[in-house]
Amino acid sequence: MPRGQGDRAFDVVVIDADRVRENASNRLESVLADVAGLEQFRRSDSRTANPTSQGISLRGIGGNAGSRALLVLDGVPQADPFGGWVPFPAYATDRIGLIRVTRGGGSGYFGPGELAGTVEIESAPAQAQAPLAADLAYGSRRAFDASASATLARGEGAATLSAAYARGDGFFPTVSGSRGPADRPAPYKQFSAATRTVIAVGAETELQANLSGFTDTRERGTAFTRNRSEGADASVRLVGRGTWGWSALAYLQTRAFASRFAGVDAARTVANPTLNQYNTPASGVGGRFELVAPVGQGRDVCFGADVRRVDGRTQENYSYVTGLPTQLRVAGGAALTYGLFADGSAELGDLTLGGRLDQWRLNDGVLREKVIAPGVPLTEARFAEGRGTEWTGRAGAAWAPVSAVTLRAAGYRGWRLPTLNDLYRPIRVGAEATAANAAPDPEGLVGVDGGGGFYRVRQNLDAIRSIGLEVDARWDRGPWSLRASWSHVDPRVEASGGAAALDGLRPAQTPRDLLSGSLAWRRGGAVR
């Protein structure tokens, strides 16, 4: 559906198809690095990092494995239904037509979960693609990238089939000065494929059908650290472009994840298994309906409803003794959210107002732990059902006193339900353990633009107050173009009670300054 003019009131960065294709790495996370302030929980790319570290966030509120920014592809949420991380290798860049990043939450347009902002990806239209296209690259460490697509366009209908493959022997994740016999390169192998069909089913109605899948295998530099992700998505959307515009969407997601973890001795001579998360199945199913009212020139109003249910569980062996696991854990549950949303804007001062109201419910939460050999139960916890109501809202205004200057102001409130991984799965990193806690409140965000062992439990902080400045610039002169992006942010934790020691600290994995720049030269069909 066409976007409302009210976007001028918000901090929106648009990355077009040309810029996506000019990225040297052909990887989505590198393309998103053009947007200062958009950060992952870890700074490695999706060839070497553990997939569970690929949560994305905005506005300096702290990294997390579960995303605090909402990523959607053609209107479908993309985060893992169990853990909230993003499967970056699933998105071949030649299939992307546009990326729109909105810093700051509150719109609720694409559903709940866009606590700090939204990343919208739109598939490239078939009419803008070549009938046949292919790309091959080979580099050091036997790295190999390949992608190919075929497109058939007839009138208002089109079909596209594409695939991408990448593999490499990888590099040593451990720096040479700290490396030992236990360290080795981190190889990877990744494949994705997608098909998209667009059919005109009437003079003003269009049917869009998407089907995609991916596999992703990585190792993280020692024995017993192999991980594998798999997934498939299917969606069907009807779009009506008559006097009353409308859109109806239904989608299904399936995910599977397995990962092994190792501990390395101080001399880095040997790695021993510590955890085998051998199966983490998850699924998501949802739907959405949107209606755009004909309210006259210079105004737009849309409203609708959506629903999403996710469920998943982790199955893992842990507590290794002489290389063998002694205990088994199963943890997981289900979450349901459904809500109503509305958004409108007017040309008078580019005023915009939007919001949504959601109901959420958590159920089937369980944590089971037992000793493997005799099957003696250690933990048998069934968590009570949780439910509640949350609201999302934003308001903004933009004003152009002269043609070259636009002044804008916006305020917003977003919310995010903790992931199933956050709620039900205990974790351990070295000597530090974190217990499961199925009782934390949903996270909320209000903003304006302008050496020992520990045992912990996940709890809500009072707040994170984040103040910052974001600047995006572009310069074009003949065949040359320059892009730059800078984010300067000073977030601080507000904490009391048992978390008082964190009061005034910066959230982890949140740099004060993020800089991104690119210089390109274009002549004919060549880009450097």
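The values are calculated or read from the model by the stated rules, or taken from the named source; none is laboratory data. In this text, all values refer to a predicted model and were calculated from it rather than measured experimentally. Using ideal geometry, Cβ is built from the backbone for each residue, glycine included, and neighbour counts are taken over all protein chains shown. Accessible surface is based on the protein model in full, side chains and every heavy atom, while ligands, DNA and RNA are left aside. Shrake-Rupley method; radii C 1.70, N 1.55, O 1.52, S 1.80 Å.
What order do Arg483, Arg255 take when sorted by accessible area (1.4 Å probe), most exposed first?
Arg483, Arg255
What fraction of the Cα pairs in the chain, stated in percent, has a spacing above 35 angstrom?
Of all Cα-Cα pairs in the chain, 37 percent lie more than 35 Å apart.
Rg/Rh for segment 3-148: what does it come to with C-alpha atoms and Rh from Kirkwood?
Ratio value, two decimals: 0.97.
To the nearest 10 square angstrom, how much accessible area does Leu519 have with a 1.4 angstrom probe?
110 Å²
Pop the C-beta distance of Ala305 and Ala234 into the FRET formula with R0 = 25 Å and round what comes out to the nearest 0.05.
Efficiency, rounded to the nearest 0.05: 0.75.
Got a sec? What order do Ile99, Ile372 fall in by accessible area at 1.4 Å, biggest, i.e. largest, first?
My answer, sorted largest first, is Ile372, Ile99.
Under the 0.36 nm per residue contour assumption, what length would be gained going from the current alpha-carbon distance of Ala223 and Phe171 to full extension?
Taking Ala223 through Phe171 to full extension adds about 17.3 nm, to one decimal.
Could you work out Rg/(2.2 N^0.38 Å) for segment 465-508, with Rg from alpha carbons only?
1.97
Normalised radius of gyration for segment 353-498, please: alpha carbon Rg relative to 2.2 N^0.38 Å, two decimal places.
Compared with the compact-globule rule of thumb, segment 353-498 sits at 1.57.
Counting only Cα atoms, I'd like the Rg/Rh figure for segment 111-164, Kirkwood definition for Rh.
1.17
Could you give the Stokes-Einstein D for segment 192-263 in µm² per second, using the C-alpha Kirkwood radius, 4 °C, 1.567 mPa s?
Estimated diffusion coefficient is 87 µm²/s.
Using only the alpha-carbon atoms of segment 109-236 as identical scatterers, what base-10 log of I(q)/I(0) does the Debye formula give at q = 0.20, 0.21 Å⁻¹?
-1.16, -1.19
Using 0.36 nm per residue, how much length does the chain from Gln127 to Thr195 gain when fully extended, once their Cα-Cα distance is taken away?
23.0 nm
How big is the accessible area of Asp80 in square angstrom, nearest 10, if you roll a 1.4 angstrom probe over the protein chains?
Only protein atoms counted, so the area is about 20 Å².
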